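J.: Handing you a structure now.
The values are calculated or read from the model by the stated rules, or taken from the named source; none is laboratory data. From a predicted model like this one, the values you see are computed outputs, not experimental measurements. Here Cβ is always computed from backbone atoms with ideal geometry, including for glycine, and neighbour counts include all displayed protein chains. Heavy atoms of the whole protein, side chains included, go into the accessibility calculation; ligands, DNA and RNA do not. Shrake-Rupley method; radii C 1.70, N 1.55, O 1.52, S 1.80 Å.
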Amino acid sequence: MVIKNSKESCRTSMAYSSFFVAVIILSFPSSIFSSPDGPLYDYTAYTQCKLEPEDPLYDGGILKNEAATMEFITEGNGTMVSWPAFVLSSLDPSTFYSFSSWIKISGSNSSLITARLSTGNSCVGTVVARHECWSFLKGGFYINSEPNPSLLYFQNSDDKEITITISSASLQPFTKEQWSLQQQYKINTERKRAVTIHVSDKQGARLQGAVIRVEQVSKDFPFGSAINNYIIGNLPYQKWFVERFNAAVFENELKWAATEPKQGVYDYTLADKMLDFVRANQIVARGHNIFWEDPKYIPSWVLNLTDLELELAVKQRITSLMTRYKDEFVHWDVSNEFLHFDFYEDKLGKNATYEFFKAAHEADPLATLFMNDFNVVESCRDVKSTVDTYISKMRDLRRFGVYMDGIGLESHFEVPNLPLMRAILDKFATLQIPIWLTEVDIANTLGQDTQATYLEDVLREGFSHPSVNGIMLWSALKQNGKCYQMCLTDTNFNNLPAGDTVDRLLKEWQTGVINSQTDEHGTFSFYGFLGEYTVMANFRGKTTNSTFSVSKSDETRHFSIQI
């Protein structure tokens, strides 16, 4: 076993980040930006295997100069096994811990390595490690009570006889306040932009004291929810939805079992009516889904087809669905739960899903094509859906010449592990393609108040991560008042606790109406969320109305008005 820990005092990227924060804080009021005491969170991640490991994040944090030792761990079957581990004797309650390390193995070409905490047998992170190079594991955990001394150990999940080598390990604590301030800092820098409005007369003279009214009328960031056919003709439901969300996804109405319940018998009636509602209210819609790999949700008639008949049926499915709805949906979940199930690959060969993506792209070239799966950011207990497994599937698509545009993370949470969630998003971010949280909810085994608390945790983490492009809740309300796991309202559209959480965050993440006056330079400046705005300027009885957009940029958006 080899342990490496750099003694350099600080990473260059961290020093630059601290400088950037200082510059921003000087430029705007302290109420807009706050920098927590201690280090900023480091979003650095790697998905490529390297010949040499990088230096540890945070200079190793509380593991600086610490070496892993071989410790005996009691396995689930009661046997004692020796694994490399760090002894953690001074964990703090109510603290977030970000963990990372580089890992190399011998005795096998590759193996899934899981970092675990002996206290509660919590999963801290995973990586598919190799023998010829170093792989980066990033994860974390949260301590919410007075902890006992614990071991953070590395376990071979593949039941192979291998040797695990650890390098550049790092464990960095963050208080709740530091974690929250880091989220808010990212929201302020990634989701907002400085705007300066200039008001002058027709000759270009600056107008001091002009009355300004600014209002955000739409948001750039897609935030929505699943809907189902219960919304058709349901005016109270429609009103409730439109007042909140700018994005939607159909819960079941586009799935194969709904649109072709019998072979050759197509029924798009419900989907068409729901699409009418979406169009009428200028809502962005995701297409969910073209194929679902889980046999439980595949039409029964499809299960009985011969391989040749199935090949023809899937081609007809793509042609029928995507010809009808070409250019209507911004996304398509082409392969749903591809990491967990392999019905089509088993019947049609291992390249079947790659062919689905090719055909879908040809049918609707402007749609963004997604894989979509569960237990990817929710935890790291599921060996079928680790971040590295997901990325490996995506790279397989690329090798087959398939262009895939987006990462769909279902996000069905029980108790969220926010440091792990952020670390996994960091690794996906290295691919530089859109990341969406596509089906966010909290398990109904928890009380409604707990659901609301955990939902806020997940939404803040997702909205604050710079690489998340959109968030969809999986909270479609059925006629009987039920939802998949989490409802936002009752059948009278009175908010439940989760609904109150959503409304509060939506209000927080929108620029309110601003009333002010221009200064001696004829200008007024504010810091607003990305989106579309209306502005009214009045000076001595003359009024001008206009609109402008605020898109992502590090530069101030300047907008000029003449009265």
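J.: Any chance you could look up the accessible area of Trp240 with a 1.4 Å probe, heavy atoms only, rounded to 10 Å²?
T.: Using a 1.4 Å probe on the heavy atoms, I get roughly 20 Å².
J.: Okay, moving on. Can you give me the distance in nm between label points at Glu414 and Lys273, each placed 7 Å from the Cα along the Cα-to-Cβ direction?
T.: It is 3.8 nm.
J.: Taking only C-alpha pairs under 8 Å that are 6+ residues apart, what is the relative contact order of region 318-390 in percent?
T.: Result for region 318-390 is 41 percent.
J.: Now for a separate question. Leaving ligands and nucleic acids out of the surface, order His361, His340 by accessible area at 1.4 Å, largest first.
T.: So the residues, ranked largest to smallest area, are His361, His340.
J.: Can I ask one more? Asp396 accessible area, nearest 10 Å², 1.4 Å probe?
T.: 40
J.: For Leu235 and Thr543, FRET efficiency with R0 = 45 Å and r from the beta-carbon atoms, rounded to 0.05?
T.: 0.80
J.: Right, next: Consider a paramagnetic label point 7 Å from the Cα of Thr453 along Cα→Cβ; state which residues of region 146-187 have an amide N under 15 Å from it.
T.: Under cut-off, by backbone N: 146, 176.
J.: What's the FRET efficiency of Thr323 with Ser180 using the Cβ-Cβ distance as r and R₀ = 56 Å, to the nearest 0.05?
T.: The calculated FRET efficiency here is 0.70.
J.: On to the next question. So for region 154-268, if I pair up every lysine 8 or more residues apart or on another chain, how many of those pairs have alpha-carbons under 28 Å apart?
T.: 7
J.: Now for a separate question. Heavy atoms only, 1.4 Å probe, whole protein assembly: order Met404, Met80, Met536 by accessible area, highest first.
T.: Met80, Met536, Met404
J.: Find the accessible area per residue for region 471-563; the probe is 1.4 Å, ligands and nucleic acids are left out, and the unit is Å².
T.: 51
J.: Ignoring ligands, DNA and RNA, what percent of the 1.4 Å accessible area of region 133-215 is carbon and sulfur?
T.: The computed percentage sits at 40.
J.: Then there's this: Using the Karplus curve 6.51 cos²θ - 1.76 cosθ + 1.60 with θ = phi - 60°, what ³J(HN,Hα) values do you get for each residue of region 257-264, in whole Hz, with x for Gly and Pro?
T.: Couplings: 5, 7, 8, 9, x, 10, 4, x Hz.
J.: While we're here: For region 423-507, give the percent of accessible area contributed by carbon and sulfur heavy atoms, probe 1.4 Å, rounded to a whole number.
T.: 42
J.: Right, something else. Using a basic spin-label model with each label point 7 Å from the Cα along Cα→Cβ, how many nm lie between Lys350 and His558?
T.: 5.8
J.: Let me ask you something else. Summing +1 for each Lys or Arg and -1 for each Asp or Glu, what net charge is found among the other residues whose Cβ lies under 11 Å from the Cβ of Tyr354?
T.: Charge balance in the 11 Å sphere: +2.
J.: Under a Cβ-Cβ cut-off of 11 Å, what is the net charge of the residues other than Leu151 that fall near it, where Lys and Arg count +1 and Asp and Glu count -1?
T.: Charge balance near Leu151 sits at 0.
J.: Binning at 5 Å from 0, report for region 464-542 what percent of all alpha-carbon pair distances ends up in each bin.
T.: That works out to 3, 10, 15, 15, 12, 11, 10, 8, 6, 5, 3, 1, in percent per bin.
J.: Then there's this: Accessible area of Lys64, 1.4 Å probe, to the nearest 10 Å²?
T.: About 90 Å², ignoring ligands and nucleic acids.
J.: Please tell me which of these pairs span more than 24 angstrom C-alpha to C-alpha: Lys273/Lys482; Lys326/Lys384; Lys138/Lys296?
T.: Lys326/Lys384; Lys138/Lys296
J.: Report the extension gain between Arg381 and Lys296 in nm, rounded to one decimal, defined as 0.36 nm multiplied by the number of residues separating them, less their alpha carbon distance.
T.: 28.3 nm
J.: Okay, next question. Can you put Lys50, Lys273 in order of accessible area, largest first, using a 1.4 Å probe?
T.: Lys273, Lys50
J.: Okay, moving on. Taking H as built 1.01 Å from N, whose amide H comes closer than 5 Å to the amide H of Val284, not counting residues under 5 places away?
T.: Those qualifying (amide H under 5 Å, at least 5 residues apart or on another chain) are Ala247, Ala248.
J.: Here's a follow-up. Once you sort the root eigenvalues of the Cα gyration tensor of region 247-360 as a ≥ b ≥ c, which label holds: rounded (a/c under 1.5), prolate (a/b larger than b/c) or oblate (the other case)?
T.: Prolate is the answer for region 247-360, as a/c is 1.5 or above and a/b outweighs b/c.
J.: What is the gain in length, in nm to one decimal, between Ser157 and Leu51 on full extension, counting 0.36 nm per residue of separation less the C-alpha to C-alpha distance?
T.: Extending this stretch completely gives an extra 35.8 nm.
J.: Additional query: How big is the charge dipole of the chain about its Cα centre, in debye rounded to the nearest 20, if each Lys and Arg gets +1 on its Cβ and each Asp and Glu gets -1 on its Cβ?
T.: Roughly 1320 debye, rounded to the nearest 20.
J.: Provide the per-residue ³J(HN,Hα) series for region 352-358, in order, calculated from phi with Karplus coefficients 6.51, -1.76, 1.60 and θ = phi - 60°, each as a whole number of Hz, with x at glycine and proline positions.
T.: Along region 352-358, the couplings run 4, 5, 4, 5, 4, 5, 4 Hz.
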